[in-house]
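The values are calculated or read from the model by the stated rules, or taken from the named source; none is laboratory data. Here the structure is a predicted model, which is why all the values come from computation and not from measurement. Cβ coordinates were reconstructed from backbone atoms using ideal geometry, including for glycine residues, and neighbour counts include every protein chain displayed. Side chains are part of the model used for accessible areas, which takes the heavy atoms of the whole protein and leaves out ligands, DNA and RNA. Shrake-Rupley method; radii C 1.70, N 1.55, O 1.52, S 1.80 Å.
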Amino acid sequence: MRILVLGGIRSGKSQWAETAIAELVDDTAAVRYLATGPVPDADAEWSARVEAHRRRRPAGWTTVETADVATQLRADGTTATVVDDVGAWLTAAMDRAGAWTGGSVSADVDDLVEAVASFGSPLALVSPEVGLTVVPATESGRRFADELGTLNQRLAAVCDRVVLVIAGQPVTVKDAAR
C-alpha cells in the first residue's frame, strides 16, 4: 500500500500519515521515518517543530534524515516507511540542480517516482498541496509550485491511495482498493 498524503501547512497531514502507517503494520513491525528537511541550528522555532514530530513518533521507529529518498527506498524495500516531506525533498533537489533559475530536476523526479512505484512495503509520502492558493509572485515561487504540482500528480499516479488532509480531516481523493 502506497499512500500519498497531501495537505497545507499545519493541516495534520504528517500525523495522519504516521497513524495510517501504524495501522498497516503490527505493533512489533519496524517503521522507518525518512525526514527530508534540514534542521538549522539558528532556527529555534523550526527546531521545535521538528522535535514535536520526533516526540510524536513511537519509540521503536527509526528516523533517517536524508535528501536522497530514492536511494533509501531502494536500499530497504521491506520496512514500512514514512517520507516527510516531499516538498522539502524537492527544495533540496532544486537547490542541487540550480532549478530556481532554469536547471532541471526531471532526472531526480523520475528517480523518486520509480523508487516509489517499486517499493514493496507500506509507504506514506507526505507532501504539501500548493495548488490551493494564489499564484506565487516570484519566478522561483512559481517554479516550485509548478514542479511540486507535477511531482504530486506523478506520485499520485503510482500510489494506491491519495488523501487530502484539511483541518486534520482526511478526504479520500483516490483509493485503488475500492
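Sorting 54-64, 80-90 by average packing, meaning the other beta carbons within 10 Å per residue, from highest down gives 80-90, 54-64.
Rolling a 1.4 Å probe over the protein heavy atoms of the chain, with every protein chain left in place, gives an accessible area that is 53 percent carbon and sulfur. Only Cα pairs under 8 Å and 6+ residues apart enter the sum, and on that basis the relative contact order of segment 94-178 stands at 22 percent.
Set Lys and Arg Cβ to +1 and Asp and Glu Cβ to -1, take the dipole of segment 109-178 about its Cα centre, and tell me which of G168, S127, T150 lies farthest positive. Result: G168, furthest along the dipole toward the positive end. Per residue, how much accessible area does segment 65-178 show when a 1.4 Å probe rolls over the protein heavy atoms, in square angstrom? Value returned for segment 65-178: 48 Å² of accessible area per residue. Taking Lys and Arg as +1 and Asp and Glu as -1, the other residues whose beta-carbon sits under 15 Å from that of V25 total -2.
Across segment 1-158, Cα pairs under 8 Å and at least six residues apart give a relative contact order of 34 percent. The order of the peptides 160-167, 14-21 by mean Cβ neighbours within 10 Å, most packed first, is 14-21, 160-167.
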